[in-house]
1. Could you say whether any residue in region 108-124 is touching a Phe, Trp or Tyr at 6+ places or on another chain (Cβ under 6 Å), under 30 Å from L28 (Cβ atoms) and either open to solvent by 50 Å² or more (accessible area, probe 1.4 Å) or in contact (Cβ under 8 Å) with a residue 40 or more places away in the chain (or both)?
2. Among the residues of region 158-198, what is the count of those that are modelled with pLDDT of 90 or more and within 16 Å of M457 (Cα to Cα)?
3. Would you check if K139 is more than 14 Å from ligand 1 (Cβ to nearest atom) and modelled with pLDDT under 90?
4. Pick from region 203-219 the residues that are within 16 Å of ligand 1 (Cβ to nearest atom) and surrounded by fewer than 17 Cβ atoms within 10 Å (Cβ to Cβ): which of them is modelled with the lowest pLDDT?
5. Does region 49-65 hold any residues that are within 16 Å of ligand 2 (Cβ to nearest atom) and under 18 Å from V4 (Cβ atoms), and which are they?
6. When you check L356 against the structure, is it assigned to a helix (DSSP H, G or I), of a type in the set (A, V, I, L, M, F, W, C), crowded, with 16+ Cβ neighbours inside 10 Å and modelled with pLDDT under 90, yes or no?
7. Suppose we filter I314, I289, I304, I283 for residues that are touching a helix residue (DSSP H, G or I) at 6+ places or on another chain (Cβ under 8 Å) and farther than 29 Å from Q486 by Cβ; which single one remains?
8. Which condition does V18 not pass, out of (1) more than 10 Å from ligand 1 (Cβ to nearest atom); (2) open to solvent by 50 Å² or more (accessible area, probe 1.4 Å), if it passes all the others?
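The values are calculated or read from the model by the stated rules, or taken from the named source; none is laboratory data. If you're wondering where the values come from, they're calculated on a predicted model, not measured in any experiment. Note that we place each Cβ from the backbone using ideal geometry, even for glycine, and neighbour counts take in every protein chain shown. Remember, those area values only see protein heavy atoms, side chains included, never the ligands or the DNA or RNA. Shrake-Rupley method; radii C 1.70, N 1.55, O 1.52, S 1.80 Å.
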Amino acid sequence: MSSVFLKMTGIQKSFAGVPALEGVDFELYPGEVHALLGENGAGKSTLMKCLAGIYTIEGGKIEFEDQEIEIHSVQDSIRLGISFIHQELALAEQLTVAENIFMGCEPVKKNGLLDNRKMHEMAAKLLERIDAGFSTYVKAGELGTAQKQLVEIAKALRIHSNIIVMDEPTAALSQREVESLFRLIRTLKQQKIAVIYISHRMEEIFEICDRITVLRDGKNVDTMNAVAIDQDRLIQKMVGHKLIDYYVKTEHPQGDTVLRVEHLTRKDRRVLDVSFYLKKGEILGFSGIVGAGRTELMQALFGIAPLEDGKIEIEGRQIRISSPKDAVASGIGLVPEDRKLQGLILHHSVSFNITLGILGKFIHFPFVNNELEQELAEKYIQALGIKTDTNKQHVINLSGGNQQKVVLSRWLAISPSILILDEPTRGIDVGAKAEIYALMDQLVRNGVSIIMVSSEMPEVINMCDRVYVMKAGRIVACKEQKELDQEELLRYALGVKKDE
Ligand SMILES: Nc1ncnc2c1ncn2[C@@H]1O[C@H](COP(=O)(O)OP(=O)(O)OP(=O)(O)O)[C@@H](O)[C@H]1O
Ligand SMILES: [Mg+2]
């Protein structure tokens with residue numbers, strides 16, 4: 001291996017006196033893909049934000065090509081050729097794709113005016129390099145999460161970075177998009193660009209990473225070659241103990257049909273003529289590639305998107321759902337895909353956010369209200385291992401994965417009779433994933449019915465009693481648990497025949 005590119009030694013960083021990084025070491029070589037792993041709240045994003053100039057380190061040093069350097073601002077970091085694809089995507093929603101890619105350094109004509117045509121041409125070339133099939137004229141706000149991520153990557157390529165940090169880049173991508181991202185990462189490697197790769201998806205780490213550094217509670221656990229370790233031992237290093245029975249794979253006793261949907265079509269036609277049913281106590285999966293219409297279908301069921309046609313029946317009774325309020329009143333809950341935007345009140349406490357949906361239940365007991373709220377919050381903090389110093393902490397200060405656990409807790413606390421989970425374990429660490437699977441199992445045993453949209457094939461295969469596959473807004477297949485096969489599901493999702 002060539003000489004070290006970036007060296008971080010003894011990095012310290014704390015928040016309001018609570019240490020987040022306690023003497024972390026990290027080394028990076030040119031052209032390597034280095035995984036940074038650890039549970040939710042381990043300090044991964046914080047370490048990267050020190051590199052990005054978002055936080056300033058309180059101790060330790062950073063060397064770049066053997067020179068000690070100081071990073072005090074985002075500009076310092078860009079000057080060093082470091083690019084970030086952050087966990088929280090940060091595009092300007094009102095601007096076009098091209099404007100986002102070239103923000104702050106738009107090409108100009110001789111007369112000093114913006115060269116719009118050139119900007120779009122160059123942006124289109126960058127998009128082509130990463131196989132992004134959308135126009136540079138689209139507004140970022142109209143793109144899906146996966147596509148926004150591609151815009152961020154195009155932006156990093158535009159800056160000619162030496163180091164690209166990807167903080168959970170595939171959390172919102174489907175298998176096919178992940179594959180094209182990996183092809184892209186391999187090309188970057190050949191150009192000696194180093195990638196720091198943060199992910200909670202174990203299979204990916206082994207597929208794409210050369211070395212792995214594990215953090216736990218703001219400290220190094222180990223750095224190793226990916227070929228020198230297997231998944232079980234890696235998980236053990238991350239969580240600090242052995243994890244058994246990852247998936248709760250049991251048959252769920254099923255009752256009558258609780259939900260029946262017939263010929264559902266959205267006004268915007270992103271969902272077309274969809275019919276399906278859900279049984280009491282069932283975990284029903286929705287599989288498909290990003291953009292297949294799964295999230296759009298769930299939004300329609302939850303009253304977020306207007307319908308052109310279709311019928312929804314709950315327990316045999318036809319109902320009308322024209323707002324989330326109607327949906328909740330009919331016993332439907334939705335944990336949205338983009339939990340950041342749709343679920344959290346960031347400047348309120350963890351306990352407030354967890355109990356938000358059921359505060360009404362406490363209203364008759366003004367004195368015990370607070371106590372009950374705390375009790376309930378503590379229950380979920382324990383159950384899902386939410387890492388927070390107290391339940392009074394503002395949600396904005398939690399790590400990405402822990403914020404997601406808070407939204408999930410809120411819906412678990414409301415316990416609707418039909419719970420829709422859109423990508424429930426996205427960004428969630430392995431230990432907590434196992435907890436969520438166990439909770440799902442417990443819920444269906446108590447008669448709740450669950451619809452799970454997921455792009456993680458292993459969890460679809462292992463957790464669902466039945467799976468519908470969607471493609472281009474329609475249901476294209478339905479499979480029972482015993483028939484579930486990853487390759488076959490993928491074939492349906494992509495619409496290819498067996499021999500292709
Ligand atoms: N701005 C902040 N204020 C207070 N505490 C913070 C802040 N940012 C992070 N923390 C705390 O620092 C710790 C590390 O958080 P960090 O975001 O680095 O975790 P992470 O490893 O990226 O986790 P995840 O996998 O959930 O994204 C957490 O306990 C978090 O609550
Ligand atoms: Mg993080």
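1. no
2. Residues in region 158-198 being modelled with pLDDT of 90 or more and within 16 Å of M457 (Cα to Cα): 0 in total.
3. So K139 fails the test.
4. Within region 203-219, the match that is modelled with the lowest pLDDT is D217.
5. Once the filter is applied, which keeps residues that are within 16 Å of ligand 2 (Cβ to nearest atom) and under 18 Å from V4 (Cβ atoms), region 49-65 yields C50, L51.
6. Answer is yes for this residue.
7. Of I314, I289, I304, I283, the one residue that is touching a helix residue (DSSP H, G or I) at 6+ places or on another chain (Cβ under 8 Å) and farther than 29 Å from Q486 by Cβ is I304.
8. Evaluating V18 over (1) more than 10 Å from ligand 1 (Cβ to nearest atom); (2) open to solvent by 50 Å² or more (accessible area, probe 1.4 Å) leaves (1) as the failure.
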